[in-house]
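A.B. asks: Here's a structure for you.
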Amino acid sequence: MTKFKYPLFLLVLSVFITTSALSLHAQRLGAGIDSLISRDFNDLNGPGGVFMVSRNGKPVYQKAVGKANLELGNNLDPENVFELGSMTKQFTAVAVLMLEQEGRLKVEDPISKYISDYPNGEKITIHHLLTHTSGIKDFTKMKALSDIAQKEMTPKMMVDFFKNEPADFAPGEKFEYNNSGYVLLGYLIEIVSRARYEDFIKKRIFDKVGMSRSLYASDRKVIDKRAYGYHKKESGYVNKTIISFSVPFSSGSLMSTTGDMLKWQNALKRHLLLGAEETNKAFSTYKLNNGVEYAYGYGWHIRDIEGTPTREHGGSIFGFKTMAVYIPSEDIYIIGLSNCDCNSPTKLVGDIATFVLRGIKEKHW
């Protein structure tokens, strides 16, 4: 019997050493990220943020700091529901590509094919809208926006609000971030699918992916574990400005959690919604009319961290700021959601991504 005990001892010892090493790496990872978060989110009695790092589709780090509701004193936790702001654009872009995959539209189509009276619509394509190269006036820069900010608008009313404004440039001439283009895309989704944008996203994306905590935003609905949004004034924190979510519409009106957003990222990776060809369109870079390449696909910025390619997007809406970075080569997803527009997680999420990548390269994780 003795001759079998020594190999068994070595096996147990090996497992112990491996487990200890993994535990040490996890502790080092957690301590490093904790330090970065406390640098930027250090008011534990104010609004704060929720952060998650995942690898290979599963969370390896989660953290919540600050309050979900200042009046009740509720602490934030990873289950809180936040307004996403412009991270909504990812869902709008994928919805368009789903319709293309079904043969119901093409990204090369001019928008005049669907909205016959749109000015210069025969020269503006769906591709231009997806890539912020249409030249259409961004409605968030219009002085008249305050007149409609709290009104209930139909998608057609929103399009009519900005469609006759002078163009900023010819289609394809420049890349300039544009919310109007994504409102137009939401309207096109409704025209082509014959379903409300809100319903299309819920039934075709949220339900299919299992994003049960995600929804089209509302200030009236009772939403379990809602994170309340805040501004910061000289006098202290105040509740966010109320707007009608029919105004940002398909450019910025969705809500979600870090957990549901990981489900979203995993669904994209597994081609649950889009095949390889359409997925490639979303994450490719494109060129302007003059041949100059710009670093934006369909609903995502295409960037890199120290030479490692990333897909990124943030969001900002009254009371909230958000940011997520995906590193395809390592299947790492980092997301931060903040419930005060005074504290953007954009740089922090980027710093966490850099820290994690360096740890992998140095074999610390």
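The values are calculated or read from the model by the stated rules, or taken from the named source; none is laboratory data. A quick note: this is a predicted structure, and the numbers were derived from the prediction, not measured. Please note: Cβ atoms are built from the backbone with ideal geometry, for glycine as well, and neighbour counts cover all protein chains shown. Please note that ligands, DNA and RNA were not included when accessible areas were found on the heavy atoms of the full protein model with its side chains. Shrake-Rupley method; radii C 1.70, N 1.55, O 1.52, S 1.80 Å.
A.B. asks: In the stretch 128-180, which residues are among the aromatic types (Phe, Trp, Tyr) and either under 21 Å from Gly315 (Cβ atoms) or touching a helix residue (DSSP H, G or I) at 6+ places or on another chain (Cβ under 9 Å) (or both)?
C.D. replies: Phe139, Phe161, Phe162, Phe175, Tyr177
A.B. asks: Next up: Please verify whether Ile191 is within 24 Å of Ser316 (Cα to Cα), of a type outside the set (Asp, Glu), out of contact with any Ser or Thr (no Cβ under 8 Å at 6 or more places or on another chain) and not in a loop (DSSP other than H, G, I, E, B), treating the condition exactly as stated.
C.D. replies: Taking the combined requirement at face value, the residue does not satisfy it.
A.B. asks: Also: Could you list, in sequence order, all residues of the stretch 344-354 that are open to solvent by less than 10 Å² (accessible area, probe 1.4 Å) and touching a residue at least 60 places away in the same chain (Cβ under 8 Å)?
C.D. replies: Result: Pro345, Leu348, Val349, Ile352.
A.B. asks: When only residues in the stretch 228-254 that are over 25 Å from Ala93 (Cβ atoms) and outside any strand (DSSP E or B) count, which is least open to solvent (accessible area, probe 1.4 Å)?
C.D. replies: Among those that are over 25 Å from Ala93 (Cβ atoms) and outside any strand (DSSP E or B), it is Lys240.
A.B. asks: Moving on. Where residues in the stretch 121-156 are closer than 21 Å to Val96 by Cα and polar (S, T, N, Q), which of them is surrounded by the fewest Cβ atoms within 10 Å (Cβ to Cβ)?
C.D. replies: Of everything passing the filter in the stretch 121-156, Thr154 is surrounded by the fewest Cβ atoms within 10 Å (Cβ to Cβ).
The rows are residues; the columns are (1) touching a Gly at 6+ places or on another chain (Cβ under 6 Å); (2) not acidic (Asp, Glu).
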| residue | (1), (2) |
| --- | --- |
| Lys263 | yes, yes |
| His271 | no, yes |
| Tyr286 | no, yes |
| Glu293 | no, no |
| Gly307 | no, yes |
| Gly314 | no, yes |
| Val325 | no, yes |
| Tyr333 | no, yes |
| Asn343 | no, yes |
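A.B. asks: Name the pairs: first residue in the stretch 209-221 and without any contact (Cβ under 8 Å) to a residue 40 or more places away in the chain, second residue open to solvent by 30 Å² or more (accessible area, probe 1.4 Å), Cβ to Cβ under 8 Å, at least 6 apart or on different chains?
C.D. replies: Pairs found: Tyr216/Glu198; Tyr216/Lys202; Asp219/Ile242; Lys221/Leu215.
A.B. asks: Right, here's the next one. Output the number of the condition that Leu357 fails; it satisfies all remaining conditions of (1) of a type in the set (A, V, I, L, M); (2) over 27 Å from Ser244 (Cβ atoms); (3) buried (at least 24 other Cβ atoms within 10 Å of the Cβ).
C.D. replies: (3)
A.B. asks: So is Arg220 closer than 28 Å to Val159 by Cβ and open to solvent by 20 Å² or more (accessible area, probe 1.4 Å) or not?
C.D. replies: Here the answer is yes, as Arg220 does meet what is asked.
A.B. asks: Same structure, new question: Six or more apart or on different chains, Cβ under 7 Å: which pairs go from a residue in the stretch 48-71 that's closer than 23 Å to Asn239 by Cβ to one that's open to solvent by less than 20 Å² (accessible area, probe 1.4 Å) and β-branched (Val, Ile, Thr)? Could you list them?
C.D. replies: Listed by first residue and then by second, the contacts come to Gly48/Val65; Gly49/Val65; Val50/Thr258; Ala64/Val50; Val65/Ile37.
A.B. asks: Please find, within the stretch 278-325, the residue that is most open to solvent (accessible area, probe 1.4 Å) out of those that are outside any strand (DSSP E or B) and β-branched (Val, Ile, Thr).
C.D. replies: Val292
A.B. asks: Separate question: Taking the criterion of being surrounded by fewer than 19 Cβ atoms within 10 Å (Cβ to Cβ) and farther than 30 Å from Glu293 by Cβ, would at least one residue in the stretch 166-186 satisfy it?
C.D. replies: no
A.B. asks: Has the stretch 255-277 got at least one residue that is open to solvent by 50 Å² or more (accessible area, probe 1.4 Å), touching a helix residue (DSSP H, G or I) at 6+ places or on another chain (Cβ under 8 Å), under 24 Å from Ala31 (Cα atoms) and assigned to a helix (DSSP H, G or I)?
C.D. replies: No - not one qualifying residue is present in the stretch 255-277.
A.B. asks: Condition first: open to solvent by 20 Å² or more (accessible area, probe 1.4 Å), assigned to a helix (DSSP H, G or I) and under 15 Å from Val96 (Cβ atoms). Now tell me which residues in the stretch 194-217 satisfy that.
C.D. replies: Listed by number, the list holds a single entry, Arg204.
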